[in-house]
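Read through the structure below, which is laid out as structure tokens, and then see the notes.
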There are 6 protein chains.
Amino acid sequence: MSAKRQPIEYEDASPEVRAVYDDIMATRKTDWINNFWKVLAHDPIALRRIWANIKEVMGPGTIDPLVKEMLYVAVSASNGCRYCIASHGSAARNKGMTESQYSELLAIVGLANETNRLVTALDVEVDEPFL
Amino acid sequence: MSAKRQPIEYEDASPEVRAVYDDIMATRKTDWINNFWKVLAHDPIALRRIWANIKEVMGPGTIDPLVKEMLYVAVSASNGCRYCIASHGSAARNKGMTESQYSELLAIVGLANETNRLVTALDVEVDEPFL
Amino acid sequence: MSAKRQPIEYEDASPEVRAVYDDIMATRKTDWINNFWKVLAHDPIALRRIWANIKEVMGPGTIDPLVKEMLYVAVSASNGCRYCIASHGSAARNKGMTESQYSELLAIVGLANETNRLVTALDVEVDEPFL
Amino acid sequence: MSAKRQPIEYEDASPEVRAVYDDIMATRKTDWINNFWKVLAHDPIALRRIWANIKEVMGPGTIDPLVKEMLYVAVSASNGCRYCIASHGSAARNKGMTESQYSELLAIVGLANETNRLVTALDVEVDEPFL
Amino acid sequence: MSAKRQPIEYEDASPEVRAVYDDIMATRKTDWINNFWKVLAHDPIALRRIWANIKEVMGPGTIDPLVKEMLYVAVSASNGCRYCIASHGSAARNKGMTESQYSELLAIVGLANETNRLVTALDVEVDEPFL
Amino acid sequence: MSAKRQPIEYEDASPEVRAVYDDIMATRKTDWINNFWKVLAHDPIALRRIWANIKEVMGPGTIDPLVKEMLYVAVSASNGCRYCIASHGSAARNKGMTESQYSELLAIVGLANETNRLVTALDVEVDEPFL
């Protein structure tokens, strides 16, 4: 038995897992499920919970859907999560992100990581007008 | 002598530092300099270099200026840089970010940090369509 | 010559490295050495030092041995160390961690990473009763 | 107006926020609300969502409640979230964590952070038996 | 079309990209370009900007060139950037870093990561003489 | 009773804690103990263990003592450990680090954090000559 959890395909999934898969596909208007959910499906409670979170947080709100995906990509790039960059990068491209915008996004991620460290290391006091 | 670098005010600054301060105020159409630059000014070469980076990366491009600031805030929030959240949060608010949008931004930062760890810990393979 | 350090096998190891390998196997009641130690063995002083730390910290104490391994897995999952998740995950399973417990552990790691960022970004003051 | 969100007290809270506060107090059998929730309450949707997550993940399961809190503290300590260490440390103490156990927990957090970096920097291959 | 950016070889590069490649090779007295620059070249502006930063920061100054590379390796090892450890590790070896020094560097990276977490978790006050 | 551990002064310390304090002062040729050790002293076993690690790793070796301290400062700055930057920064200054060198060190820390993220996000392949 391997410790690494393998993706659970739709045909092998329990009814409760299938219900989440169905909702993911209906919400995203797509006909396939990406590996994150299929691996998470070993824990049906977590699968349902995390999907409910994603659906609520990434669903309609006051931030534009494309910008939401770009924010997700930026945090994932900053954290070095290769899978998340690929999956949310794909979602962002599907919503209209251009290669040029992706380049600018990465430039911001890189620069923020640089100045975040400088500011913290220099222990800079927050300016009155920012409080 | 303290190890902590104190902000260098305009009146105490060297000509090369003042030149950067002047360019920051002109570019931002403001009449004051925030502490990050005034502390960085102990190293005039770094001051000039980092400002040139910020000016280029955060200047006009293919991503909307407000979105650029929101991306900066998101990475800074993910990294826990209190000063950067305050300063770029202020810039984002000045460019129109509402409190509601800030709430959604934070929700994305939080959730991305959760799923980034789950994906990495579960060692999920990148799906073919994302490559 | 490769920059990447290859594992040093028992038969190729110096007496001082063998002595550590022997102690690892005796302490763990096993007959093999995992790659971490075999790669670390290029620096016999670090090998001896890190093993002494692991032996002391992960040895008998007031926290149950299974819980100790679970804490190690949780931190490693949070840090994204794939090897450490695999090795300490294996140790935890050998000590009785069930798949269900591993799922709950990962859920905690994910959620803590989410709330850690929210709390820091919101700059929440520590409540009096927690001090 | 300050950018920093102040805690929203029960008497100033909307009905939907009060409903979450009530559930927190009932679930935890306590009569006060800690600052995290009171600051998060500026976004009632996030308040409800994050509380639902915490309630599910930290509620009854296959891991002992004290161990769950210790895992939360360990991740928070690794991430340097002072507030989370204080709040979940308090919860763990209330559930029976001794000072001696806390010392051992911190030792594991420290050592895991050390070996996580060594393993990653040395690019150690995962051993066959761990797969 | 793949989302992953492939390296842009010299013969396929635009004049502005070639100009940076030429400067990299001239500055480093070498006849090849490593993959980081060839992938970054999809964004010629970022390519020029990041190279200008590296050239200035890693160029002649008051810290010995070998020590500069070792500092770069140490931060990269701490951040788990495999490529950066390999590339700056190679640069450090070319400037004279011995295997023994590399071992000591890694030991410091590991130990600093351990004590950084202990200090933060224990919320240690900065001593008067360090201020 | 406060959850926060207070520094244990020499006159209040047990003989085993005093023995470590004495060794710290003798090794460092100083007459005071900084807060990290005094807080760690609540766990005499960890105090002895961590000190033994620091003494071995930061003691005489093939890397110059000043460079060792600078590496420690660089990792601590990258990790945002304010106390560690202050304490090891002080040690580095005592061993000769100039303000100019500290500026260059910070510039490297910042830039490495930027390029580390870019390299990881762009998933750059390690070049053959670096292997």
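Listing for the model above:
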| read-out | value |
| --- | --- |
| Residues being of a type outside the set (Ser, Thr, Tyr) and surrounded by fewer than 18 Cβ atoms within 10 Å (Cβ to Cβ) - total across segment D:1-20 | 11 |
| In segment D:74-90, residue surrounded by the fewest Cβ atoms within 10 Å (Cβ to Cβ) [restricted to those that are within 11 Å of chain F (Cβ to nearest Cβ) and aliphatic (A, V, I, L, M)] | D:ALA86 |
| Filter result for B:ILE63 (buried (at least 23 other Cβ atoms within 10 Å of the Cβ) and either at pLDDT 95 or above or on the phi < 0 side of the Ramachandran plot (or both)) | yes |
| Test: residue in segment B:61-70 that is in a helix (DSSP H, G or I) and more than 30 Å from D:ILE45 (Cβ to Cβ) | no |
| Scan of segment D:120-129 for residues that are under 30 Å from the mean Cα position of the chain (by Cα) and farther than 15 Å from E:SER76 by Cβ, ordered by number | none |
| Residue in segment A:106-125 that is farther than 18 Å from F:ARG117 by Cα and either among the small types (Gly, Ala, Ser) or in the same structural domain as A:ALA3 (by TED's automatic domain parsing) (or both) present | yes |
| Hits in segment F:25-58 (condition: among the β-branched types (Val, Ile, Thr) and more than 14 Å from the chain's Cα centre (by Cα)) | F:THR27, F:THR30, F:ILE33, F:VAL39, F:ILE45 |
| Yes/no for B:ALA112 being at pLDDT 95 or above, at the interface with chain D (Cβ under 9 Å from one of its Cβ atoms), assigned to a helix (DSSP H, G or I) and closer than 20 Å to D:ILE54 by Cβ | no |
| Counted residues, segment B:96-109 - those being crowded, with 23+ Cβ neighbours inside 10 Å and either hydroxyl-bearing (Ser, Thr, Tyr) or modelled with pLDDT under 95 (or both) | 1 |
| Number of positions in segment C:4-29 that are away from chain E (no Cβ under 14 Å) and modelled with pLDDT under 95 | 0 |
| Segment F:71-105: number of residues that are outside any helix (DSSP H, G or I), under 20 Å from E:LEU118 (Cβ atoms) and not hydrophobic (A, V, I, L, M, F, W, C) | 1 |
| Residues satisfying the stated conditions in segment C:9-41, i.e. in contact with a Phe, Trp or Tyr (Cβ under 9 Å, 6 or more places away or on another chain), in a loop (DSSP other than H, G, I, E, B) and under 22 Å from F:VAL57 (Cβ atoms) | C:ALA41 |
| Selection count, segment E:91-109, where residues are within 20 Å of D:GLY110 (Cβ to Cβ) and more than 9 Å from chain C (Cβ to nearest Cβ) | 3 |
| Any chance A:TRP32 is away from chain C (no Cβ under 12 Å), of a type in the set (A, V, I, L, M, F, W, C) and within 20 Å of C:ALA112 (Cα to Cα) | no |
| Subset of segment F:119-128 [at the interface with chain E (Cβ under 7 Å from one of its Cβ atoms) and assigned to a helix (DSSP H, G or I)] | F:VAL119, F:THR120, F:LEU122 |
| Residue match in segment B:32-53 (condition: β-branched (Val, Ile, Thr), more than 25 Å from E:ASN79 (Cα to Cα) and in the same structural domain as B:ASN116 (by TED's automatic domain parsing)) | no |
| Index of the failed condition, B:GLU56 passing every other in (1) in a helix (DSSP H, G or I); (2) free of Cβ contacts under 8 Å to residues at least 12 places away in the same chain; (3) within 25 Å of A:ILE54 (Cα to Cα) | (3) |
| Given (1) facing another protein chain (nearest Cβ under 9 Å); (2) within 30 Å of A:SER100 (Cα to Cα); (3) assigned to a helix (DSSP H, G or I), number of the condition E:LEU47 does not satisfy | (1) |
| Condition check for A:ASP23: closer than 29 Å to D:ILE45 by Cβ and surrounded by fewer than 18 Cβ atoms within 10 Å (Cβ to Cβ) | yes |
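Residue by residue, here is whether (1) free of Cβ contacts under 8 Å to residues at least 24 places away in the same chain; (2) of a type in the set (D, E, K, R) holds:
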position: F:TYR21; (1), (2): yes, no
position: F:LYS29; (1), (2): yes, yes
position: F:LEU40; (1), (2): yes, no
position: F:ASP43; (1), (2): yes, yes
position: F:TRP51; (1), (2): no, no
position: F:THR62; (1), (2): yes, no
position: F:VAL67; (1), (2): yes, no
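The values are calculated or read from the model by the stated rules, or taken from the named source; none is laboratory data. Here the structure is a predicted model, which means the values were calculated and not measured. Cβ sites come from the backbone with ideal geometry, for glycine too, and all protein chains shown count toward neighbours.
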